[in-house]
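The values are calculated or read from the model by the stated rules, or taken from the named source; none is laboratory data. This is a predicted model, so every value here is computed, not measured. Here Cβ is always computed from backbone atoms with ideal geometry, including for glycine, and neighbour counts include all displayed protein chains. Keep in mind that these areas ignore ligands, DNA and RNA; they rest on the heavy atoms of the full protein, side chains included. Shrake-Rupley method; radii C 1.70, N 1.55, O 1.52, S 1.80 Å.
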Amino acid sequence: MRNLVLTILFLTTLGTSVQAQKFIAVDNYGRNRMKIYEGDQIKFKMKGEKAVYTDEVYALTDSSFYLSKTGTEVPLSELSEIRRARVLPRVIFGGSVFIGSGFLISSAINRDEETTKAKDIQVFQGLAFYGLAAAMYPFFWKKYRLGRNSQAQILDVTIRKKP
């Protein structure tokens, strides 16, 4: 019975991995390749525009992708920049705001004549942590500028059986 369950589990996971595997591969100056699959969020800029678009990739074709909300087709040749969220600056931002809020709340509670100086130091410590959090904000997004030394292409790595 146990072998039957394991065999069925193996075959179901094998069946899901054989499905089409198309993704947008962004290679930037020989660094690690960024992969964007169908259903992932994408943030990009078009050539000649200053607006930054944020949407979800609905479908991929050979040289373009479709957006989920608007249903428009965006060719890869028209992209000038693709942005990806960074995790570490967001973690430092959230931790600094949390610690800074703790210092500010601690300085506001039980304020009396004897501990005024210690409470004032906690205010400055809380503000310092808020300053650290504000300094992390410009590092939230990694920009992959597409041009001469970098490229974006759609790759299809589907495994097909020979007839």
Check your understanding: Tell me, which residue of the range 133-159 that is of a type in the set (S, T, N, Q) and open to solvent by less than 70 Å² (accessible area, probe 1.4 Å) is nearest to V57 (Cα to Cα)?
Key -> Q153
Exercise for review: Mind listing just one residue for me: the one in the range 28-54 that is open to solvent by less than 80 Å² (accessible area, probe 1.4 Å) and either polar (S, T, N, Q) or touching a Ser or Thr at 6+ places or on another chain (Cβ under 6 Å) (or both) and, of those, farthest from P75 (Cα to Cα)?
Suggested key: N28
Review point. Here is a list of conditions, (1) among the aliphatic types (A, V, I, L, M); (2) within 30 Å of G126 (Cβ to Cβ); (3) open to solvent by less than 50 Å² (accessible area, probe 1.4 Å), and L79 meets all of them except one; can you say which number that is?
Key: (2)
Check your understanding: In this structure, is I99 open to solvent by 50 Å² or more (accessible area, probe 1.4 Å), β-branched (V, I, T) and at pLDDT below 85?
Key -> no
